[in-house]
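First the structure, in the form of structure tokens, and then the observations on it.
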Amino acid sequence: MPYKKIAFFACVLILLLTINDLAHSIYTIWQKQDLIVQAQNNLDSEKKENQQLKQKITQVNQPQFIESQARNNLLLAKQGEGVVIMPDNKLVASPSPAPKQIDTRPDWKKWWDTFFSS
């Protein structure tokens, strides 16, 4: 009889440990599911960026783009054409207004001159 009780408690203990391990495994899988979703989102954004970069590469390899960059940035011209460089508006100096004279007299003297000077 006592062996049956010991065997029963041993079986219950083994079952409880197994249930605990299963619950822990389910919890860790649940947490890792969030990581998978986040990684999928990162992958999608990287794919979009990759597609945009591929489009830029095809645009940059076109002869029209190369010619416009050579004309604008390198100041190159075709044969028979001349390059004209216009000054920026920032370089043209505008006359600045004359600085105001600051009256350094004391306030009482300013009031005196305002009311009592002719």
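The values are calculated or read from the model by the stated rules, or taken from the named source; none is laboratory data. Every value quoted in this text rests on a predicted model; they were computed, and no experiment measured them. Don't worry about glycine lacking a Cβ; one is built from the backbone with ideal geometry, like all the others, and counts go over all protein chains shown. Surface areas here come from the heavy atoms of the whole protein model, side chains and all, with no ligands, DNA or RNA. Shrake-Rupley method; radii C 1.70, N 1.55, O 1.52, S 1.80 Å.
Rounding to the nearest 10 and keeping the result within 0 to 90°, find how far the Cα-based axis of helix 2-60 lies from the longest principal axis of the chain.
30
Output the 0 to 90 degree angle, nearest 10, between the alpha-carbon long axis of helix 107-116 and the longest principal axis computed from the alpha carbons of the chain.
40
Ignoring ligands, DNA and RNA, please state the percent of accessible area on the stretch 5-118 from carbon and sulfur, probe 1.4 Å.
The computed percentage sits at 62.
Between Asp44 and Glu67, with labels modelled 7 Å along Cα→Cβ, what's the label distance in nm to one decimal, could you check?
It is 4.2 nm.
In µm²/s, what is D for the stretch 1-94 at 20 °C and 1.002 mPa s, where D = kT/(6 pi eta Rh) by Stokes-Einstein and Rh is the Kirkwood radius from Cα pairs?
D, rounded to a whole number, is 100 µm²/s.
Picking from Ile85, Ile14, Ile29, which is most flexible by a Gaussian network model of the chain using Cα springs under 10 Å?
So, out of Ile85, Ile14, Ile29, the one fluctuating most is Ile14.
Could you list the GluC sites (Glu not before Pro) in the stretch 1-84 that lie in coil according to DSSP, counting only those with at most 12 other Cβ atoms within 10 Å of their Cβ?
Those that pass, being in a loop and sparsely packed, are Glu81.
Straight-line reach from Lys47: which lysines have Cα under 30 Å away, leaving out those fewer than 8 places along the same chain?
Here the lysines satisfying the reach criterion relative to Lys47 are Lys32, Lys56.
Rounded to whole Hz and in sequence order, give me ³J(HN,Hα) for the stretch 79-84 from the Karplus expression 6.51 cos²θ - 1.76 cosθ + 1.60, θ = phi - 60°, writing x for Gly and Pro.
Working through the residues one at a time gives 5, x, 9, x, 9, 10 Hz.
Based on the Kirkwood radius over alpha-carbon pairs, what is the Stokes-Einstein translational diffusion coefficient of the stretch 2-48 at 37 °C with 0.692 mPa s viscosity, in µm²/s?
For the chosen part, D equals 241 µm²/s.
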